[in-house]
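Here's the structure we're looking at; comments come further down.
The values are calculated or read from the model by the stated rules, or taken from the named source; none is laboratory data. What you are looking at is a predicted structure, and each value in this text was computed from that prediction instead of being measured. Here Cβ is always computed from backbone atoms with ideal geometry, including for glycine, and neighbour counts include all displayed protein chains. Just the protein is used for accessible areas: all its heavy atoms, side chains included, with ligands, DNA and RNA removed. Shrake-Rupley method; radii C 1.70, N 1.55, O 1.52, S 1.80 Å.
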Amino acid sequence: MFFYLLLAFIGIPLIEIALFIEVGGAIGTPATIAVVIGTAFLGAWMLRRQGLSTAQTAQAKIQRGEMPVEQAFDGMFLVFAGGLLLTPGFLTDAIGFSLFIPQIRAALRSRIVERAKRSGSFYMSGSMSGSGMHYADEAEMWKEQRPPANDTASTTTGAASGTSSPKTIDGSAIETDISGGAPGAKDSPWRDK
């Protein structure tokens, strides 16, 4: 990995310098500078347009209870593309503009996910669907969670049940008085009698 980073940090600037010399010799220095500045502005405009579209799609998926995995990857690629387009150079601009093509992002996304799955560094215990979180593995959902080592208040539950480490629920409850049989009402079957 270090070798590839070193190659990128040395190779890319050398390629950019060579391209600046070639393009500057062909079209002149002022035109070359205008092209570099123009691609930065065009890239910023495209980033804003596609970024807003990606954010809106992600928000709609979240509202439907779906996980916006594709949009998260697209957002990451778009930020990277924006950085490349703001970097002066023709090679970085070409790579940055290519990341604005949805098919290229989809191909990169699937390649990254497949590689992560093969390496074992990709794990997802559940996925969102219409009514909330659903776990792919029920055993994972019921996995025992131990309290923090300095949490002495929650260890009394385990002593009463005879277990060394209790199951804990982290959160807070708010009691409300809603009439009409709604959850939390006095006649609710979930209320302690």
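Name the one entry in Ala44, Ala116, Ala106, Ala81 that is surrounded by fewer than 17 Cβ atoms within 10 Å (Cβ to Cβ) and within 30 Å of Ile27 (Cβ to Cβ).
Just a single option satisfies the conditions, and that option is Ala44.
Residues that are at pLDDT 90 or above, hydrophobic (A, V, I, L, M, F, W, C), loosely packed, with under 15 Cβ neighbours inside 10 Å and in contact with a helix residue (DSSP H, G or I) (Cβ under 7 Å, 6 or more places away or on another chain): does region 1-23 have at least one?
yes
Any residue in region 54-72 that is among the aliphatic types (A, V, I, L, M), more than 29 Å from Pro13 (Cα to Cα) and open to solvent by less than 30 Å² (accessible area, probe 1.4 Å)?
Yes, there is a match, as at least one residue in region 54-72 is among the aliphatic types (A, V, I, L, M), more than 29 Å from Pro13 (Cα to Cα) and open to solvent by less than 30 Å² (accessible area, probe 1.4 Å).
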